Structure formats: structure tokens, C-alpha cells
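What follows is a set of notes on a single structure, which appears directly below.
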Amino acid sequence: MNFNAKLSKFWVSMFEKGAYRRVLTGLKNTVIIAVLGLVIGIVIGTLIAVIRVVPKTNKLVKALDKIAAVYVAFFRGTPMVAQLLIGYFVLLPLLNIKLSSLAVCVLIFGLNSGAYVSEIMRSGLLSVDIGQTEAGRALGLSFASTMMRIVVPQAVKNILPTIGNEFITLIKETSIVSFVGAVDLYSAFNYIGSANYEFMVPYLSMALIYIVLVLGISGLIKIMERRLRAGDKR
Amino acid sequence: MISVKNIYKDFGSLRVLKGVSCEIEKGEKIVIIGPSGSGKSTFLRCMNLLEAPTYGEVWVDDDLVTPIDPYLHPDVIMASNTFQKLKASTGETDEALIAKIKKEDLLHEKHEGAAYKKLMKTLYKEHAMDINLVRQRIGMVFQQFNLFANLTVLDNITLAPMKLKGKSKTEAEERAYQLLERIGLRDKANVYPSTLSGGQKQRIAIVRALAMDPEIMLFDEPTSALDPEMVGEVLDVIKELAHSGMTMVVVTHEMGFAREVGTRLLFMDEGQILEEAPPAAFFANPKTDRAKEFLSKVL
């Protein structure tokens, strides 16, 4: 079978038999999982990072710090597939919760990303001069206000490129969500391939879409960085 | 206004402050000088608890900002098991026993009994004050300026008054412009700190502290990080502030400034205050050898 025949087979499946709808759903899910996952990840990651850099003066902080350490160890120490499978096939039935596979994916991606973002954010927080915190506290601002208004915004600016990498990783990692039956780009193209016993064009198309997504995101991050840098022109 | 009672500060095994006490009255302009590493900055930073003293107490007016130090309260010592036991076994006078306990550091937090614990708790409850509230009354200016890099000059000045004093945006900005006018930097309101010179940054840092209407200002070597030609403009702002009646404590290496502005001078070395005198008297006639040696090097 030559390449043209393969292409036309793919074309027929895709547009005449309507597989493009599945691809669009997959694309949508990929984006939803990665974006919401990253948002949840940033929230969790920031909280954990703050807990980990606070001076350990009282028992509550110490306990939270221990919990955070275990959390990070688990989510960085096991593959995301394992987390996804445990979440969907073990925890859901165990806790008797009904959630769509998409929702579970968003949650697990968020929790997983939280562990990675916490480490990124921690280095970001440590990169902000301690004088910034002292100036805030000396004015009478609480630790939380100083963090939120002064330190975290500066930390985020410093780590934006790394957060961008994390987002790209999440986008690509979405290709595992079919393990729990969610439709994503991989499963959509795999479906076309299986129907025709022809995988070359579908898989190349899939790779092409991923690369377009990733390059688009990289471009956006560059623009954001340039905007944020406006504040420190010398 | 601020009273520091017998504070010690340890950084790990290094003892930076070794029993420093000082009463600061309203209207005073205290200048602290001494060689580097003498503990002047640490002492200043203990006043608003940027450093927590290891022992001793810091009071701001009637508010206690550190934990209770039992050795500063004879009634607490007398309530302790250690005191009771010693009294029963030796029969010395109360004063002698208190002095002995202080000197030999005999109290052990955990074994001093219920009466002692209760008294410590009562005292603390009666006097302790939220440090964030106390800090609103104490302005601080740092050697490294520490303007918030992510905020414009205007936002640097208005952030705390809006957040902590419930001022509206217009009120806070009006006051900020007024203060900026005073230091001749009104046109810099909307730029970011990174575009400013050191002298401009430090003057704005002073104004940022003033926007909270503090009762006292602490200056931690405010001109040490500046190019020589910018020292004057910053000192002028501080002098003007001094003449307006602000209570202040200034750690400085500027001897001329110390002499001109200070009403009382503290000379520190190795974690202790070695001399305390009006600046003119100190410069004319230093009493300790250490101070003489220091002055011969810097003047």
C-alpha cells in the first residue's frame, strides 16, 4: 500500500465517516486536562512550597511539612499511569464516589502536577531576596499577605519558563488517559488506525497536532515573559 | 516608647548580643555606632522582632512582643520550685536567692511547678500583643532599601496603609503623592523601583515607612549601600524628619550625622553597649579604650 492510498483511507475515516468528531473531543479533553491540571497543580504546589519554606516554629507547620513531604514523595515517586489507575479503579470504588473518567484525570493530573510545581515554586520562593519579606513584615503585613502580594508574584516571574515546561509535560502526558477510558488525542487517532489496520498516517497526524500545541504554548510563554519583564527594565 | 530588657541573641553557637538593655523615650534620636559585627544591626532588628531575642524582653509602650523572660520578674522566680527548695534548704534572703538563680541560670521551664507556670501565663496574657499590630507603629528602613520589586513606587507606598489601616485608594494615594512631593520624587510615582538610583530608592523607602504614620523610625545603616554622592540626599531627608520631632534609632557609620542629629549615642562592641552618652561628649571624650581605638580609625 503506497502513501497516497494510506492517506485517502485516513481521509475517508476522518471526514466521511466522522472520526474527526472524536479527534476534536480528544483535543478538547487533552487541553482541559492539561490546563485544569496545571491550575490545580499551581494552587497545590504554591501552598506546599510556602509550607516548606516557612520557618518551622509551631507544631501545625511541622505536621503540615511532614504531610507535604510524603505527598511530594508519592506523586514524584510513582508513574502517573499508576496514580491514574489507583485513583480510578481503586479509590473511586473504595470511597464509593461516582466521577467521570475525565474528572478523575483532571484531579490526578492536578495532584501530580502539584508535587512537581511545589519543587519549582520552592526554588522560586527561595530566589526572592529575603529583604522583600522583611520589608513587608516590618510594615506590619502578615506572613500570608507578604507572601501573596510580594513574594509569590516575584517568584512566579522567576519560574515562569519552568512552569511552561511543566505545562508541556502535562499536555504530552495526557496520552495516558485512555487507560481509564477517557478520550484524548491518542485514543482518537488510535481508533482510526485500528479501524483501518493502518497506523502510519493517524500516528503522524497525532504527533503533528501535539507539536503544534507545544510550539503554540512555548510562543505564549515567551510573550508572557516579555510582558512580565517590563517591570525590571534597567 | 521602646524598652529592651537584657536581651541575648544566639545564632547557632554564636552569641551576637550579650545582655543589652535600652530605654527609648519619645522624641529621642538615638544613634548606634560601633565596628562591624558588634551586634548593632541585630540589636536594632530585635526592636521590631525581625530577629527574635533568645533571652530577654522587648516592650513597645505597654505591649510585650517577646515571650516572658522569667529572670526579669522576681515574683516569677519566687513562684518557682527551684526558689522554694533553695529557700527551704539554705535559708538565705529572698534577694540573695533571686540573684543566685539569675546568675547561675537555675530555672528549668519544665520543673518549676504549677504556680510558676500560671504566673508566666497570666503575665503573658496580660501584656502580650500581636507583633503585626505593633510593627504598624514602628517604621523601618533597611540598608538594602528593599522596595517591593513587583510594585510601582506608588503601590509600594500605598500597599500597607490600604491593607492595614483601611485607607481608601484615593486617601492612600493622596498621602503618597504628598510624601513624594516632600522628597521631590512625585514624577516617579508610576515607575518600578529597578529604574531608580540608590538614593531615590532609599528616600522612597523612608516615605513608604512614613505612610503608616509610625511613632518611631528604625534606620539600619541607611546610607551604607549608597554611592558617596547620594549619601547627602538621604541624610537630608532623615535630618528633616528628626527636626520634625520623629523618635528614631539610627545605626550608622556616618559620624558627622551621628554628632549632628543624635540626642544620645550608644557605642557597641562584641554584643554589648560599652558607652552611652550625648554624641558631643562621646566624640570629645570617649571613656573606654575600645571606643578610643574605634574613633581613631574612623575619624
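We did not get these values from a lab; they are worked out from the coordinates using the rules stated. Since this is a predicted model, take the numbers as computed values, not measurements. Cβ: placed from backbone, ideal geometry, glycine included. Neighbour counts: every protein chain shown.
Of all beta bridges that DSSP places with both ends in the protein assembly as shown, some 55 percent have antiparallel geometry.
Computed about its Cα centre, the charge dipole of region B:1-125 is approximately 320 debye, with only Lys, Arg, Asp and Glu carrying charge at their Cβ. Residue by residue along B:185-192, Cβ atoms of other protein chains within 10 Å of the local Cβ number 1 on average.
The residues packed around residue B:120, meaning those with a beta-carbon under 14 Å from its beta-carbon, carry a net charge of -1 if Lys and Arg are +1 and Asp and Glu are -1. The protection proxy used here, the mean number of other Cβ atoms lying within 10 Å of each residue, ranks peptides B:213-226, B:59-72 as follows, highest first: B:213-226, B:59-72.
Working from label points 7 Å from Cα in the Cα-to-Cβ sense, the residue A:208 to residue B:52 distance is 6.3 nm.
With the contact rule set at Cα under 8 Å and sequence spacing of 6 or more, what percent relative contact order holds for region A:3-233? For region A:3-233, the relative contact order is 30 percent.
Dividing the summed helix terms, -39500 (n - 2.57) for each DSSP H run of n ≥ 4, by the number of residues in chain B produces a 222 nm estimate of -13000 deg cm²/dmol to the nearest 500.
Summing Lys and Arg as +1 and Asp and Glu as -1 over all other residues whose Cβ lies under 10 Å from the Cβ of residue A:49 gives a net charge of +1. Can you tell which of A:200, B:262, B:124 lies farthest toward the positive end of the dipole of the protein assembly as shown, using +1 and -1 charges on the Cβ of basic and acidic side chains (Lys, Arg; Asp, Glu)? About the Cα centre, the residue reaching furthest to the positive side is A:200.
For chain A, the dipole from Cβ point charges (+1 on Lys and Arg, -1 on Asp and Glu) about the Cα centre works out to 400 debye, to the nearest 20. Working note: 222 nm ellipticity from helices only, DSSP H runs with n ≥ 4, each -39,500 (n - 2.57), summed and divided by the residues of chain A, gives -25000 deg cm²/dmol to the nearest 500. Note on B:141-151: average number of Cβ atoms from other chains within 10 Å of each residue's Cβ is 6. Per-residue Cβ neighbour counts within 10 Å put B:112, B:28, A:16 in the sequence A:16, B:28, B:112, beginning with the fewest. Charges were assigned to the Cβ only: +1 to each Lys and Arg, -1 to each Asp and Glu. The resulting dipole of the protein assembly as shown about its Cα centre is roughly 2120 debye.
For helix A:59-77, what angle does its Cα long axis make with the longest principal axis of chain A, in degrees from 0 to 90 and rounded to 10? Between the helix axis and the principal axis of chain A, the angle is about 30 degrees. Modelled spin-label separation between residue B:95 and residue A:59, with each label point placed 7 Å from Cα along the Cα-to-Cβ direction: 4.3 nm. The fewest-to-most ranking of A:105, B:22 by surrounding Cβ atoms within 10 Å reads B:22, A:105. Measure up B:87/B:117; A:56/B:169; B:40/B:121; B:29/B:188; A:62/B:110; A:59/B:117 against 24 Å on the Cα-Cα distance and list the ones that go over. In this structure, A:56/B:169; B:40/B:121; B:29/B:188 exceed 24 Å between Cα atoms. Selection among A:108, A:221, A:148 by position relative to the dipole of region A:3-233 gives A:148 as farthest towards the positive end (Cβ unit charges, Cα centre). Computed from the C-beta positions of residue B:276 and residue B:125, the FRET efficiency with R₀ = 30 Å rounds to 0.35. The residues neighbouring residue A:109, those whose beta-carbon lies less than 13 Å from its own, together hold a net charge of -2 under the Lys/Arg +1, Asp/Glu -1 convention. Within region B:1-102, the trypsin sites (Lys or Arg not before Pro) that combine a DSSP coil assignment with at most 14 other C-beta atoms in a 10 angstrom radius are B:26.
Ignoring aspartates and glutamates fewer than eight residues from residue A:172 along the same chain, the ones with Cα atoms less than 12 angstrom from its Cα are A:184. Neighbour counts of other Cβ atoms within 10 Å put B:182, A:226 in the fewest-to-most order A:226, B:182.
Taking A:210, A:197, A:20 as the candidate residues, the one with maximal mean-square fluctuation in a Gaussian network model of chain A, Cα springs under 10 Å, is A:197.
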